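To keep things clear, I will list the structure first and then write my remarks on it.
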Protein chains: 2
Amino acid sequence: MNEPTARRRDVTVADVAREAKVAKATAARSLGGYGAVSDDVRQRVQAAAEALGYHANGLARSMNTGRSNTIGVIVGDIENPYFGLAMRGITDTAKAAGYDVILANTGEQLDAEIDAARVFVEKRVDGFIVAPASFTLTDHLSDIMHSGRPLVLLDRHVANLDDVDVIEVDNEKVAHAAAQHLIDRGHERIAFITTLELGSNPYQAGDELGVSSVSARVNGILAAMNTAGVDNSERYLRFGANSGSGVKGVTRELMQLEEPPTAIIASDSLIAMGVLGELRELGLTVPDDVSFIMFDDFEWATLISPALTVIAQPVYEVGVAAATRLIARIEGRVTGEPIQVFPAALVHRKSVAPPRVVGRDDA
Amino acid sequence: MNEPTARRRDVTVADVAREAKVAKATAARSLGGYGAVSDDVRQRVQAAAEALGYHANGLARSMNTGRSNTIGVIVGDIENPYFGLAMRGITDTAKAAGYDVILANTGEQLDAEIDAARVFVEKRVDGFIVAPASFTLTDHLSDIMHSGRPLVLLDRHVANLDDVDVIEVDNEKVAHAAAQHLIDRGHERIAFITTLELGSNPYQAGDELGVSSVSARVNGILAAMNTAGVDNSERYLRFGANSGSGVKGVTRELMQLEEPPTAIIASDSLIAMGVLGELRELGLTVPDDVSFIMFDDFEWATLISPALTVIAQPVYEVGVAAATRLIARIEGRVTGEPIQVFPAALVHRKSVAPPRVVGRDDA
DNA sequence: CAATTGAGTGAGTCCGGTCTCACTCTACCA
DNA sequence: TGGTAGAGTGAGACCGGACTCACTCAATTG
């Protein structure tokens, strides 16, 4: 069972047909399971196919049918557990419906995303699931739509793209709730740290950011603070904190301010790890020295001391919904609203307490 | 920029050729960049292609060239950060070399793996990277090899497959080191918990398990214990602990034994989370009540109290090596040994201490 | 019993590219 | 200046399937 068999030209329907002594068209019908074939012939073809070790050529098939039975997924960073989990939701759903999944990782780089989109169009995927890296630069996405292939946006929506399906989480509402929770405990100096780059200009209230989910979080947090009458609410916003050293630097800078924040909200679990690591380096304790809330809920959040108050998002479900929606589109079944917004929940644990300075005394 | 453009038949080389007033072959040469074309023609074709919005059909191209520029990756569980990170190593490397990556998730189910292999063969991927679910049931893998497509095994090797490339970690050595470390601290009752199912028979020393990496870990641990003269060293091995409740049940069962283990080694980070969660439920403290070591090193391991002693594997590098090796094979450049074994390192932190019962007193 | 139906089959076209081959035309060389 | 090399081009075969169409032949029907 070694080398000799290898490198031989692929076995084709023609080969099978010859072996089974039927016409190529008949063998193709039998193998492809699409026409009318007698039992007798079916068996002969089956036997011949097995004897020869026939494997259908999916490329040739797709070229004729115009369908590849494949979904293209483009995400920013599969290493981020958020996308890992969403991806499982997508693949589980796709597999159940008989679709394969192609994945491309962009590192949140727009040009990589554009590249991936082109490649997937060339591969003639049946549909796209994309977590777009940019809110505004979406020509490649509109190209996809023009090519007639369904597109579902995951976790983020974009500007200037009509009628596109979006599966996302109500970030603004839950961010508002998180900030409100902190405010209720007496916090006014609330920081928010995200990996997202800001671009050239400093942030101004109301700015649209590059990623809608982050934008929504910022809006929710600022809205809660403004309602509570907090001045200069955006002064503790920090952008461009890439995982690893970037996060640590930002954390250090924040905590060494004359008026450091009394609470920090981390935009994802990767950032949270960096922040917590650096706080410990600085000898600061959560929640005594600073309260802490992170987006995403993974089991380690309950294992550390104190257990983290988190914003739990239905990540797997978002993946499932995106794939379900896309497949419905592909198969021409249009169902429900184009935009589905899943709720997220603030999960109270032990990382939030009243700020030290003010020293209110409630439970 | 909306509906009207969509749904139209794809633009082909023939269309471009007509528009540029050249022969189809010439347009194809220009577009495909493979023959000799004059500058004049090249420009006319380029202009025509852009005017018409031409996108090459990768399927048709692959059918002719026999190459798809695509790598098929089959892993057990992308939700597991281990594979997420390895996957990034793979995609980064593949992208740099101009290859796309198709991913299939099997949930460690053999039939899903067989299915995925078939689909990828049908898609005519140029090569495979597989983390095989079974050590012995590898007919589908040998089919892949017979089809003439390179195959690189990731993280695990298998029986009965000659000349297959393998990129793995020296699990036996590092497991031995971990067990030795525990033994040096005075432990004799050392548990090992893995997700891997055992099959029907209870474990006997020397048994080959379904996954080589786990097998190697068990062998390393038992070897250290046996050398140290520990009797009945396999009595605390626990298999089939699926993430979530399974792990917790196993942990509880272990710790409620008359002679519970004094140290636990978790086979991956998902299991570790479950074990630690359950230990806390049980009111047990690490390392006072039980010492703890886990395979894999993620930042949260340093954030929890106590910081975990871990076995750090070069996961990203393993992914890179697998992709590099595969691409070399695809391109006919055979380099170095078929089996590459990466070292893993025991990282000492705070989750290992002498067992309570014995009460030795060293640092 | 002639007419109708449709299951079963084969011949051949098509999908959208690549590639081979023959041919033209210019440039260079002895 | 005749010969040749090679760049540039077009016609058409080909990759491996799906699909259209024409045809056969047995079963059904009025």
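Residue check: is A:ASN105 away from DNA strand C (no atom under 14 Å from the Cβ), under 23 Å from B:ALA117 (Cα atoms) and modelled with pLDDT under 90? Spelling it out, A:ASN105 is indeed away from DNA strand C (no atom under 14 Å from the Cβ), under 23 Å from B:ALA117 (Cα atoms) and modelled with pLDDT under 90.
Candidates are the residues of the stretch A:7-61 that are within 8 Å of DNA strand D (Cβ to nearest atom) and among the hydroxyl-bearing types (Ser, Thr, Tyr); the one that is modelled with the lowest pLDDT is A:TYR34.
Within the stretch A:148-175, being touching a Lys or Arg at 6+ places or on another chain (Cβ under 9 Å) and either in a loop (DSSP other than H, G, I, E, B) or not β-branched (Val, Ile, Thr) (or both) holds for A:GLY148, A:ARG149, A:PRO150, A:LEU151, A:ASP165, A:GLU168, A:ASN171, A:GLU172, A:ALA175. Against the list (1) within 13 Å of chain A (Cβ to nearest Cβ); (2) over 23 Å from A:ASN57 (Cα atoms); (3) surrounded by 23 or more Cβ atoms within 10 Å (Cβ to Cβ), the condition B:LEU151 fails is (2). Please enumerate the residues belonging to the stretch B:111-124 that are more than 10 Å from chain A (Cβ to nearest Cβ) and more than 15 Å from the chain's Cα centre (by Cα). Of everything in the stretch B:111-124, those that are more than 10 Å from chain A (Cβ to nearest Cβ) and more than 15 Å from the chain's Cα centre (by Cα) turn out to be B:ASP111, B:ILE114, B:ALA117. Only one of the listed residues (B:ALA104, B:ALA133, B:ALA94) is part of a helix (DSSP H, G or I), more than 21 Å from A:THR12 (Cα to Cα) and out of contact with any Lys or Arg (no Cβ under 6 Å at 6 or more places or on another chain). That residue is B:ALA94.
Cβ-Cβ distances below 6 Å connect the following pairs, each with a first residue in the stretch B:52-80 that is under 24 Å from A:HIS146 (Cα atoms) and at the interface with another protein chain (Cβ under 7 Å from one of its Cβ atoms), a second residue that is away from DNA strand D (no atom under 16 Å from the Cβ) and in a helix (DSSP H, G or I), and a separation of six or more residues or different chains: B:HIS55/A:VAL121.
Is at least one residue of the stretch B:63-73 at pLDDT 90 or above, within 23 Å of A:ASN64 (Cβ to Cβ) and away from DNA strand C (no atom under 16 Å from the Cβ)? So far as the stretch B:63-73 goes, yes, one or more of its residues are at pLDDT 90 or above, within 23 Å of A:ASN64 (Cβ to Cβ) and away from DNA strand C (no atom under 16 Å from the Cβ).
The values are calculated or read from the model by the stated rules, or taken from the named source; none is laboratory data. Keep in mind that this is a model prediction, so the values were computed, not measured. Quick reminder, even Gly has a Cβ in these numbers, built from the backbone with ideal geometry, and neighbours come from all protein chains shown.
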